Structure formats: C-alpha cells, structure tokens
Amino acid sequence: MLNLIRADIYRVLRGKALYITLIVLLANCILMVISMNAFQTGVVTITMPEAVIDELVPSMAVTGVTTPQLIATQMENFVFFLLPVIVIVAGAIFSHGTVKNDIAWGVSRTKLYFSKLILSSVIGFLLMLVYIGFSTVIAMIINGYGGPAPAGHWISLLQIFSAQLLLLLAFIGVGVFLAFVTKRVAAVNGGFIAFIFVPLFILSMVVLINTNLEWLMEYEMLGNIMALAYLPYMETREILRALGIGAFFLVGSTIGGIALFRRSEIK
C-alpha cells in the first residue's frame, strides 16, 4: 500500500490541479479575513454566542487570537475544497484508466481503495491546516496577535478542530465512495454536491411543514460542523451525536465502497 501512496504522491505533485486548488484556497483565506476585518463587529457578533464574545473577544477585533475561532465557524465552506482533492486522488485513476494497470499488477482492490482514502484524508488535513494557519497569519499582519489569549484557549481550539476534522474525513469518505462506485468524475462532482445540499434542503422543507420535527436538523452534517465550533459550550450528548454522525458516514462509506468496488467490473 505504501508503494501505491508514494506513486500517487508523485503523480499528484507533478500535476497542476492540487496547486490550483491551493492557490484558490489561499485567495479565499485572504478575502475571508479582509471581509471579516472590514465588518469585524458584525461578523463576530453574528457568528459567536454571547458567552464566547464575553470571554474571547471583548475588543471585537479580528486578530491572531480570535481568527482561529472565527475560522472554525466558517469550516463548512472548507468542505468544498475537499472535492478537488477527491477527484485528483481517487477520481483520476478511473478517468485516466490507470486502475486497470494497478489491478493487472495484482494490487488488491481493498488496498487500492484504502490507499486513495488515506492519501485524500492526509491532503485534506494538510489543506485544513493551511486554511486555519494562513488565515491566522493574514489576520496577524492586519491587526496583530491580539493577546494574551484566555486560559485554555489553544487547547479548546485543538479540541474543536479535531472534532471538525472527523466530520471532514467523513465527507472525504463519502467522496471516495462515490469515486469508486460511479467511476466517473462528473458523477463524483454531482454526487458530492448533492450529499451536501440535498439532505439540508429536504430537512429544511420538512421542518418548514412541521416545526415539531426541527430536531431532525441536529443530524445534518454541515450544521454539526458549525455547531462544533462552539464545542466547549455544547452538552456531552450533542458532541457525541455530532461525532457519531461523522463516524457513521466515514465507516459506512468505507465498508460499502470496498464491498461494491470488489464486486464491480472494471471496463
């Protein structure tokens, strides 16, 4: 499996797609921080509960200290940057037809699946670090560090981003599942976007019809990513539910994807 991952790393680094994705991500970080800085009072007030505002940002400034918390509340936007990673790593072997060569050389389908899932997850994690770190650096350049940070602030952020990472990995798991089941890049793009928006649309319509079913929104993926931005203020059951949803989709998509891929025909 390590040889597969090394070959994929070489292929990905030689291509242009990852670098284009990175450039767009960095540009997004710059624009996001500038817009938050321009409307800093409104942004902080809207995106943070009162308890967070009182404890963390009495100055209401977008600084090196406050920016990571703000980025956590915007993490649902980062989900869309996972799609090109999935296409580059997992989708490319079908669009280029290299999957036939791997299987012909005796590579097991399970190892092939896991190699793409692992590499997609690693690249997604690294891009997440860039998303957080570069945005924080830009905020520090504009407004400075803004310290001292409250006691336990960085530990709290580590917990938040670790919890959000599990849900992001779940999105990657679903994307890799789509790549290996459909074997078409267009289907991966459409299926991934549908996985993000269709459940949200359906649940919103259900709640609009019957407000007593509003609790169903607690099981929506993007909503849980945003909710985890305030993990220290969540109840234990809410945290476990959010993490359970992420684990369910990650494990379920992986088991289902491997099972279907092992039985599928490669043309």
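Note on I255 and E218: with the Förster distance fixed at 22 Å, the Cβ-Cβ geometry gives a FRET efficiency of about 0.35.
Under a model in which nothing but the beta-carbon of Lys, Arg (+1) and Asp, Glu (-1) is charged, the range 144-267 shows a dipole of about 640 debye around its Cα centre.
Highest mean first, the peptides 137-147, 88-98, 202-212 sorted by other C-beta atoms within 10 Å per residue fall in the order 88-98, 137-147, 202-212.
Dipole size of the chain about its Cα centre, with +1 on Lys/Arg Cβ and -1 on Asp/Glu Cβ: approximately 1640 debye, rounded to the nearest 20. Here the calculated FRET efficiency for I193 and I155, from their Cβ-Cβ distance with R0 = 30 Å, stands at 0.30, rounded to the nearest 0.05.
When all protein chains stay in place and ligands, DNA and RNA are ignored, the 1.4 Å accessible-area order of F180, F248, F134, largest first, is F248, F134, F180. Between V137 and L13, the C-beta separation translates, for a Förster distance of 25 Å, into a calculated FRET efficiency of about 0.60. Taking all C-alpha pairs of the range 134-267, those more than 26 Å from each other amount to 41 percent. For the chain, with all protein chains in place and a probe radius of 1.4 Å, 69% of the accessible heavy-atom surface sits on carbon or sulfur.
Remark: the K100-R241 segment gains 46.7 nm on full extension, using 0.36 nm per residue and subtracting the alpha carbon distance.
What accessible area per residue comes out for the range 158-227, rounded to a whole number of Å², with a 1.4 Å probe? Walk me through the numbers before you get to the answer.
Details: 3330 Å² over 70 residues.
Accessible surface, normalised per residue, equals 48 Å².
Show log10 I(q)/I(0) for the chain at q = 0.10 Å⁻¹, two decimals, from a solvent-free Debye sum over equal Cα scatterers. Those come out to -0.57, one per q.
Entry note, the chain: the mean residue ellipticity at 222 nm calculated from DSSP H runs of n ≥ 4, each adding -39500 (n - 2.57), is -24500 deg cm²/dmol after division by the residues and rounding to the nearest 500.
The values are calculated or read from the model by the stated rules, or taken from the named source; none is laboratory data. Fair warning: this is a prediction, and the values are worked out from it, not measured in the lab. Using ideal geometry, Cβ is built from the backbone for each residue, glycine included, and neighbour counts are taken over all protein chains shown. With ligands, DNA and RNA removed, areas are computed over all heavy atoms of the protein, side chains included. Shrake-Rupley method; radii C 1.70, N 1.55, O 1.52, S 1.80 Å.
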